[in-house]
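The values are calculated or read from the model by the stated rules, or taken from the named source; none is laboratory data. Model, not experiment: these values are computed from the prediction. Note: ideal-geometry Cβ built from the backbone for every residue, glycine included; neighbour counts use all protein chains shown. Quick note on the areas: whole protein, heavy atoms, side chains included, nothing else; ligands and nucleic acids left out. Shrake-Rupley method; radii C 1.70, N 1.55, O 1.52, S 1.80 Å.
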Amino acid sequence: MIFRSSWLLLLASPALAAPAGYHFVTESFPPYSYASDQAAGPMADVLRAVCGKLALPCRIEVLPWRRALQLAEDGRVDGIFTVVNMAQRRHYFHISPPVIRARYAFAEQASSPTPWRSVADIAGRTIGVYGPSATEQALRELGSGLTYQASEETDNLVALRKLAAGRYGRNGLVLVNEGAAQWLISHQQIGGVRLLPPVRELLYSFGLSRQRVDAADAARFAAALQQLCRSGDMARLVRRYQLQPASCQP
């Protein structure tokens, strides 16, 4: 019901000029998005399918995340992915219905001497985290009321390599997207680290610029995405990458 109500509100908003097409930016964030001959991954595949339903051309540019986010927040592109539906993002973007289910987990050195029982065990530790990002926000929420040292890193690969090298100490941790960490550990051959049990689920969506995309067009985008979901096409596109699709919204 949340998304249905949102669409009604969007349709009632003043309209901008109808789009001739969409220019999206994203980052290299495998397996969710990455650069091949063109932007690739499940989010790019789903976006192209949505644009096909809308009969609009769609351009996707893979950039460093901070640059991509700045362009999108400044209204110099039409949209961005991958984003999480949180207040910080809603300020700048219409957030689409979710596309992919994912999970956050902490990673530690395989030789860590401290047993892991719960999130409370982050107290007193140094934690690497990719930021600025939804992961960084999740760490603040998970660690609320606890004392720990956060080390903001430019990407997940840097954080995991520092963890493996002992840069956060023997009890150091990294909070990371589970799927991204599994991909990096395998493809970048990062040894000596292991993932702990997941601590939070999250949903990935598209963000459409409030400065550039008409509210009614954002609603049409959301409706096309939901149609793709209900047909089962979205799930098929996502599962090709061994990832879990989000549930269709009512």
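Please give the number of the condition residue 52 fails out of (1) part of a strand (DSSP E or B); (2) without any contact (Cβ under 8 Å) to a residue 24 or more places away in the chain; (3) not charged (D, E, K, R).
(1)
Which of the residues belonging to the stretch 222-245 are without any contact (Cβ under 8 Å) to a residue 12 or more places away in the chain and either among the aliphatic types (A, V, I, L, M) or in contact with a Cys (Cβ under 7 Å, 6 or more places away or on another chain) (or both)?
Passing the criteria: only 235.
Given the structure, is residue 64 at pLDDT below 95 and within 28 Å of residue 139 (Cβ to Cβ)?
yes
State all residues of the stretch 196-234 that are among the small types (Gly, Ala, Ser) and within 26 Å of residue 133 (Cβ to Cβ); if no residue qualifies, say none.
Step one: filter the stretch 196-234 for residues among the small types (Gly, Ala, Ser), giving 205, 207, 209, 215-216, 218-219, 222-224, 231-232.
Correct list: 205, 207, 209, 218, 222.
Report, by residue number, each residue of the stretch 1-53 that is open to solvent by less than 70 Å² (accessible area, probe 1.4 Å), modelled with pLDDT under 75 and either within 27 Å of residue 243 (Cβ to Cβ) or small (Gly, Ala, Ser) (or both).
Within the stretch 1-53, 3, 5, 6, 7, 13 qualify.
Quick one: what pairs do we get from the stretch 81-93, first residue surrounded by 13 or more Cβ atoms within 10 Å (Cβ to Cβ) and assigned to a loop (DSSP other than H, G, I, E, B), second modelled with pLDDT under 95 and hydrophobic (A, V, I, L, M, F, W, C), C-beta under 7 Å, 6+ apart or different chains?
As it stands, the answer is 84/134; 86/134, since those pairs meet every condition given.
I'm trying to understand the selection: among the residues of the stretch 112-135, which are assigned to a loop (DSSP other than H, G, I, E, B) and touching a Gly at 6+ places or on another chain (Cβ under 7 Å)? Steps first, please.
At the first step, the residues of the stretch 112-135 found to be assigned to a loop (DSSP other than H, G, I, E, B) are 112-118, 123-125, 131-133.
Of everything in the stretch 112-135, just one residue is assigned to a loop (DSSP other than H, G, I, E, B) and touching a Gly at 6+ places or on another chain (Cβ under 7 Å), namely 125.
Does at least one position in the stretch 158-181 carry a residue that is free of Cβ contacts under 8 Å to residues at least 40 places away in the same chain and surrounded by 21 or more Cβ atoms within 10 Å (Cβ to Cβ)?
Looking through the stretch 158-181, at least one residue is free of Cβ contacts under 8 Å to residues at least 40 places away in the same chain and surrounded by 21 or more Cβ atoms within 10 Å (Cβ to Cβ).
Within the stretch 211-250, how many residues turn out to be of a type in the set (S, T, N, Q) and closer than 17 Å to residue 179 by Cβ?
So the answer is 2.
Filter the stretch 182-215 down to residues that are open to solvent by 30 Å² or more (accessible area, probe 1.4 Å) and either hydroxyl-bearing (Ser, Thr, Tyr) or at negative phi (or both), then give me how many there are.
Total meeting the criteria: 18.
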